[in-house]
Amino acid sequence: MTGSWWKSAVVYQIYPRSFSDSDGDGVGDLRGIEERLDYLSALGVDVLWLSPVYPSPQDDAGYDISDYQDIDPVFGTLDDFDRLLAGVHARGMKLIMDLVVNHTSDEHPWFRAKRDWYWWRPARPGMTPGTPGAEPTNWRSFFSGPAWEYDEESGEYYLHLFSRKQPDLNWENPEVRQAIYAMMRWWLDRGVDGFRMDVINMISKDPALPDGPGGDGSAFYLCGPRIHEFLQEMHREVFAGRERELLTVGEMPGVTVDQAVLFTDPARGEVDMVFQFEHVNIDHGPSKWDIKPLDLVALKATMNRWQAGLASVGWNSLYWNNHDQPRVVSRYGDGSPLAAKALGTVLHLHRGTPYIYQGEELGMTNAPFETIADFRDIESINHYAEAGPSALPALRARGRDNARTPMQWDASPHAGFTTGTPWIAANPNHKEINAADAVSDPDSVFHHYRRLIDLRHTEPCVVHGDFTLLLPDDPSVYAFTRSYEGTELLVLANLSAEPAQAAIDPAWLDAELVLATLPDERSTTLRPWEARVYRR
Ligand code: TEU
């Protein structure tokens, strides 16, 4: 792929259902996005990533696709898409699509027409098909219950790692692979600038599909035997030889640093960068519904390992948020604008390509969900059905709907997202946290993010500088330096609600203060949630 322009780029993720509704049906759409392009341009981001907008029964909010080469009417038409893409390009930005090819919807015509494009297996030997425990393996789905669905008609089961309406494609079949590559070329020919690849490290499975310990089959489907071969083939068939500057990022739950080096080594031709999960699983217990408090020392250690592991070969992606994660300001912060700025500063000053999830640049928080009726996400609803009302506190803290409430544009009803009834309620705090106020306040989280993006664009040390973690054992201060060609940056953040003493060389206080979230006090004591970036 041409050069590495994406090293100095910042990506902004749009979750179309919740971004901006132009026609009052309560669901965001492509025209809504088009109307907001000047806002995104003012923020300064380089690339927009659209979560899925393809035709879909919306069982998993569009991650269940029934036609890869069209737009769901709820979002608009292909003409709307072309206009949006032209508007993005006219502003010097790029647009990448969400590529969901580990599975399709069960309503995709392939599912009935091309049986051997999916994973079908008979019942466990000696068991009556369709009875509990007769599933071909003991694998559990990510969305509760077994990963197998019985099909009366054929008397066999199909595999679905996610919902029963998301059957897994069988990538062992070369016809599957060729159909997907052709579809990808079609989008690139239409002008899109790359792909975010959904759970792409799950496409190669051990064809024996053995039982896993305690129902966890991940050893047989995460980074399976042919994963590198498939990604290299995709690269040759889809990306190689294209002149345009493209971006590929593979979402890879469970990926290790060593594997990520292989996936992102440019010489191997696989993907440009991966989304790893260690730093967002750090407050999980045995499952994501088991809540542990954040251990900042552990968070710094994991981030540091990824920085070091991809320092000479490969490249990191950097994110706190996406449509699957609770809001970072509520999770690793205290919900305040100051915490939002401190967390943003820490993330954006690491080496890698930062991803901003819509509303993060406003300091949008988790939602005040009360009952199960407030939730929309299949993952939360299924978990509640299995675990019962005692699951509510975990759903409130961890539910993906926290990320999916409407983008907060202004203080008007439904946060200015829609003139109709939104598909999920807007957070009542939109009266205080919204884009209109943020844009007009130079001290807002929005303008701090704008300055962070600007710093990446203008200071090569942010892009290329070597990363050195300082004070690894400090429980509240996040501190590190970056250095490149004689320039050195120091990043200091107090990620706690108490004042904290930063045990750094006080000579740094004489250096240029390039970014600060509170008025300069020239002290090594950091106020609660304060963040500073020095340069010398
Ligand atoms: O998510 C993959 C994934 O493994 C998790 O992040 C998952 O969403 C869940 O939180 C597990 O507890 C991707 C998409 O980002 C997600 O929205 C989809 O639901 C999923 O794949 C299936 O396509």
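The values are calculated or read from the model by the stated rules, or taken from the named source; none is laboratory data. Keep in mind that this is a model prediction, so the values were computed, not measured. A quick note on method: Cβ atoms are made from the backbone with ideal geometry, for glycine too, and the neighbour counts reach across all protein chains shown. Ligands, DNA and RNA are stripped out before the accessible areas are found, and what is left, the full protein with its side chains, is counted by its heavy atoms. Shrake-Rupley method; radii C 1.70, N 1.55, O 1.52, S 1.80 Å.
Figures for the structure shown
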quantity: Accessible area (Å², 1.4 Å probe, nearest 10) - ARG121; calculated: 70
quantity: Normalised contact order of the chain, rounded percent, pairs of Cα under 8 Å and 6 or more residues apart; calculated: 13
quantity: For the stretch 15-73 and the stretch 358-401, distance of Cα centres in Å; calculated: 21
quantity: Normalised contact order of the stretch 444-521, rounded percent, pairs of Cα under 8 Å and 6 or more residues apart; calculated: 21
quantity: Cα centroid separation, the stretch 416-442 to the stretch 166-204 (Å); calculated: 36
quantity: Pairwise centroid distance, computed over Cα atoms, of the stretch 469-536 with the stretch 102-160, Å; calculated: 54
quantity: The stretch 120-181 - charge dipole about Cα centre, Lys and Arg +1 at Cβ, Asp and Glu -1, debye rounded to 20; calculated: 260
quantity: Cα-based convex hull volume of the chain per residue, rounded to whole Å³; calculated: 143
quantity: Relative contact order %, the stretch 1-98, counting alpha carbon pairs below 8 Å whose residues are six or more apart; calculated: 28
quantity: Global form of the stretch 439-480, assessed from the alpha-carbon gyration tensor, a/c cut-off 1.5; calculated: oblate
quantity: Tilt relative to the chain, helix 337-348 - C-alpha long axis, 0 to 90 degrees, to 10; calculated: 70
quantity: Amide proton proximity set for GLN501, modelled H, under 5 Å, gap of 5+; calculated: LEU526
quantity: Nearest-10 value in Å² for the accessible area of ILE71, using the 1.4 Å probe; calculated: 10
quantity: Rounded, prolate or oblate (a/c below 1.5 giving rounded, otherwise prolate when a/b exceeds b/c) for the stretch 325-421 by Cα gyration tensor; calculated: oblate
quantity: DSSP-loop chymotrypsin sites (Phe, Trp or Tyr not before Pro) across the stretch 247-294, with at most 10 other Cβ within 10 angstrom; calculated: none
